[in-house]
Amino acid sequence: STLSSSSAASDVYKRQVRGQLLPTKILFLRLRNLIKTMKSPEQQVPGLKIVKDFITKEEEEFLIKEIEKQKWETDLKRNVQQYGYKFDHKSQKIKAVLGPLPSFFGGVTHRLVTQGLFPYVPDQMIINQYTPGQGIHPHIDKPCFEDVIGSVGLGSSCIMEFRNRDNPKGEQVDIFFERRTAVVISGDARNKWSHGIPARSYDIWKGAEYKRKKRISITWRKVKPRDNR
């Protein structure tokens, strides 16, 4: 019948159109992914800043020696030192005032401000020591701290993963956190993207394998006034 012929022709047309559109759609998706990989992590994660060689090799060696002289807290799976204020990981709140930041960090802390990475002088530091195979789960720093948070890695590199918690598809951006590099987050990078370090003994970056060594992470933050925490 005319009706059945018309329906059959319509099905053939739809199949032809789908056959033409499918490769186009795949090409578009591949092109979109290619463009995304061409963007820097700072372009993909608003509020992320990466400054390579923020400290010198000599400064790195000096800081490692000074840090190793201090006492480590061993409550967590990794060794920790805290200065300025003590953040309690169980209650997720500021627990005590510890006093001023150590003088041997003065130059680097000052540089965070003078280079415009911090709009204020940070007054809290946490130092994490990671052995090969250790990491830290994806997290967003608690609201008891101000918007800007900065870290510098010593001794080894690693991959840090940023995940967009507002994206239902779980958008992820990885950065190669090289030693002596400063990573600073604010805005969306601080409040909407979690950051974490996968627990493994080596990383693959751009086809090359990087074995992890003992790594020390220094993180600077500023505690909010008590009424705003």
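Listed here are the pairs Lys95/Lys169; Lys39/Lys77; Lys71/Lys211; which of them are more than 32 Å apart at the Cα? From Lys95/Lys169; Lys39/Lys77; Lys71/Lys211, over 32 Å: Lys95/Lys169; Lys39/Lys77. The chymotrypsin sites (Phe, Trp or Tyr not before Pro) of the stretch 107-145 meeting both criteria, a DSSP state outside H, G, I, E and B (loop) and at most 16 other C-beta atoms within 10 angstrom of the site's C-beta, are Tyr120.
The alpha-carbon of Lys86 sits under 17 angstrom from the alpha-carbons of these aspartates and glutamates, leaving out residues fewer than 8 places away in its chain: Glu73, Asp75, Asp123, Asp141, Glu146. Here Asp53 and Thr131 are evaluated by their C-beta separation; at R0 = 22 Å the FRET efficiency comes out at 0.35. From the alpha carbon centroid of the stretch 172-229 to that of the stretch 97-131 is 16 Å.
What is the sum of charges, Lys and Arg at +1 and Asp and Glu at -1, for the other residues whose Cβ falls under 10 Å from the Cβ of Gly47? Taking every other residue near Gly47 into account, the sum is 0. Spin-label pair Trp205-Asp88: with each label point 7 Å from Cα along the Cα-Cβ axis, the two points sit 3.7 nm from one another.
We did not get these values from a lab; they are worked out from the coordinates using the rules stated. Bear in mind the structure is a predicted one, so any value in this text is a computation, not a measurement. Ideal geometry is used to build each Cβ from the backbone, glycine not excepted, and the neighbour counts take in all protein chains shown.
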